[in-house]
Amino acid sequence: MARRRKVYEGKAKVLYEGPEPGTLVQYFKDDATAFNNEKKGLITGKGVLNNRISEHIMLRLGEIGIPTHFVRRLNMREQLIREVEIIPVEVIVRNVSAGSMATRLGIPEGTPLPRSIVEFCYKSDDLGDPLVSEEHVTAFGWASPAEIEDMMTLALRINDILYGMFTTVNIRLVDFKVEFGRLFSEEDVRTVLAD
């Protein structure tokens, strides 16, 4: 196998140069982290499982019109994805009070929320991914108002789909985090699900 140039390495994945322009190969690692990378370990087979789960979810979302960076699964640990410019904002959708939200607002863990709530965090491991407002996101140029609207709309649509998908297998979708990227083409720039 020819050596590929590493483009990026994160906590759970490694991105390599893809076989065609505008593509990357995403490799899923067995590394496990918790508490903002303070606790680390290895779970054998985690990357293989994450690759299959990612493929399944990305395909289902794509079928109902959610734009994603996913192209296809290549093997047990890798998938081909479209190269995007990551928007440095994590989008969290919460359905039930848990974790940092429960602590921050004093809402008992497990309390169903009156409606799904969208939160933004600035994507920075060094800063602990701090919670930010839409004002922060636009003032610092991390995303435009139109991109914020796209991310919120897509995140809530994804929530509806995942909520139903998980309910059918008796899993309660408490909250989840997604990331979006800018997919550039000759005609336009699209906001797509990228993690």
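Things to note:
- Extended-chain gain in nm, criterion 0.36 nm per residue less alpha-carbon gap, residue 153 and residue 49: 34.6 nm
- Per-selection Kirkwood Rh - the stretch 85-193 (Cα, Å, 1 d.p.): 14.9 Å
- Among 75, 170, 51, residue whose mean-square fluctuation peaks in a GNM of the chain (springs only between Cα atoms under 10 Å): 170
- Backbone amide hydrogens, once placed in the peptide plane, bring residue 132 within less than 5 Å of 120, 121, 122, excluding anything fewer than 5 places away on its chain.
- Among the listed pairs 11/46; 13/123; 6/177; 29/123; 6/29; 6/46, those whose Cα-Cα separation exceeds 18 Å are 6/177; 29/123; 6/46.
- Each residue of the stretch 118-131 was assigned a 3J(HN,Hα) from its phi angle through the Karplus curve 6.51 cos²θ - 1.76 cosθ + 1.60 (θ = phi - 60°); the sequence is 9, 10, 10, 10, 6, 6, 8, 4, 4, 9, x, 6, x, 5 Hz, with glycine and proline shown as x.
- Kirkwood hydrodynamic radius over Cα pairs of the chain, then Stokes diffusion coefficient at 10 °C and 1.306 mPa s, in µm²/s: 88 µm²/s
- In nm, spacing of pseudo-spin labels at residue 42 and residue 182 (7 Å Cα→C-beta vector): 3.9 nm
- Amide hydrogen proximity for residue 195: with H placed 1.01 Å from N in the peptide plane, the residues at 5 or more positions away or on another chain lying under 5 Å are 179.
- Across the chain, the longest piece that holds none of the trypsin sites (Lys or Arg not before Pro) lying in DSSP loops with up to 13 other C-beta atoms within 10 Å covers 12-171.
- Chain lengthening between residue 5 and residue 160 when straightened (0.36 nm per residue, less Cα-Cα): 52.1 nm
- Residues of the stretch 97-123 falling in the label zone of residue 35, defined by backbone nitrogen less than 19 Å from a point 7 Å along Cα to beta-carbon, are 99-104.
- The stretch 1-50: chymotrypsin sites (Phe, Trp or Tyr not before Pro) in DSSP loop, at most 11 other beta carbons within 10 Å: 35
- Summarising the overall dimensions of the stretch 6-82 from its C-alpha atoms, the Rg and Dmax are 13.1, 37 angstrom.
Read-outs throughout are calculated quantities, based only on the coordinates presented, and are distinct from any laboratory measurement. Computed from a predicted structure; not experimentally measured. For neighbour counting, all protein chains shown are included, and Cβ atoms are generated from backbone atoms with ideal geometry for every residue, glycine included.
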